[in-house]
Amino acid sequence: MVIPHDPAGKSFSLKISDRLVYAVAGVCAFVCLLTASSFIYSAHLSRKLVYYSNAVEKNKQQKLIIESFGQKTDQMHQAIDEIAQEDESLRKMLGLKNWKSKIKLSSNIKTQEAGQINQSLKLVDQKLAERKKSYEELKEWVNTVRSRFASTPSRWPVYGQIVSRYGYRIYPWRGFHSGIDISGRYGTPIRVTADGVVKSVAWRSGYGKTVIVDHGHGVATLYAHLSKYDVKPGQKVYKGQVICYIGNTGYSTGPHLHYEVRRNDNPVSPTAYLDLNIVSASKIWGN
């Protein structure tokens, strides 16, 4: 009811039913609920959008990491292949068995899942472990080859002309010649052709003054018709060391060196042992 201040004015009254009040209250409550739910949903949606944005950014970073890992894996795979090729080349040169690996690294890392990437990493580790094992085996073999080559006759004892070869001959004496004769001036130094231990320093019938050096593995060298010794029995000598000098002792028609290579006390052609390298030496070892 509205009552005016002026006595002449008319009063105004409005009668509102209970239903209308309830309806208005219901509408207000609905509006409040709608507003509150909209606010809550909006806040939830905003939080989800933030999470989504963070997830997208994180996925980009992970993609970059995976791509980088794929590139590094490709590089590693290439490096391992290069090492494998060098390994096989060296093994082939030395006459060793090939190292065959059944593992193949996958270069398609970019599209793989985490489990596949972990599997690829395991394969990389296994591949590297195999190459390391092969390298250790190869290094051990190279050390053995170096030691064996050092004790293998592989150089000229003295440089000169071969005036009489290994094998049957009719001059100056008919029969089997168990070494080669190398010409040289009287007193020219003679160098041992491999590491070894001096076995004998003595006069031998027909050979005159003679030095015999044991190189191990059943191999020995003999130097005859000498003028002078420069070593003693039991002395350790090294390839290229002077051990004696050219002479004209024993059955000799002039100053020269009679040089023999013996395997298990049997003479073999010394010519095969002149100017050897590791590859050709390894072929001789296999005989």
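The values are calculated or read from the model by the stated rules, or taken from the named source; none is laboratory data. All of these numbers come straight from a predicted model, not from anything done at the bench. Here the Cβ is made from the backbone with ideal geometry for all residues, glycine too, and neighbour counts use every protein chain on show.
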Considering segment 220-265 alone, what residues qualify as being assigned to a strand (DSSP E or B) and aromatic (Phe, Trp, Tyr)? TYR223, TYR229, TYR245, TYR259
I'm checking my understanding of the structure. Among residues of segment 7-26 that are modelled with pLDDT under 80 and part of a helix (DSSP H, G or I), which one is nearest to the chain's Cα centre (by Cα)? ALA25
Top-ranked residue in segment 209-246 [being closer than 16 Å to TYR159 by Cα, more than 35 Å from the chain's Cα centre (by Cα) and touching a residue at least 60 places away in the same chain (Cβ under 8 Å); ranked as surrounded by the most Cβ atoms within 10 Å (Cβ to Cβ)]: TYR223
Give the residue that is nearest to ARG204 (Cα to Cα), with candidates limited to residues of segment 247-263 that are in contact with a Lys or Arg (Cβ under 8 Å, 6 or more places away or on another chain) and either in contact (Cβ under 8 Å) with a residue 60 or more places away in the chain or hydroxyl-bearing (Ser, Thr, Tyr) (or both). THR249
In the list LYS48, LYS60, which residue meets the criterion of being at negative phi, under 47 Å from the mean Cα position of the chain (by Cα), assigned to a helix (DSSP H, G or I) and modelled with pLDDT of 65 or more? LYS60
Out of the residues in segment 172-196 meeting the condition of being in a strand (DSSP E or B) and buried (at least 16 other Cβ atoms within 10 Å of the Cβ), tell me which one is modelled with the lowest pLDDT. HIS177
When (1) of a type in the set (Phe, Trp, Tyr); (2) exposed (fewer than 13 other Cβ atoms within 10 Å of the Cβ); (3) closer than 17 Å to THR271 by Cβ are applied to TRP203, the one that fails is (3)
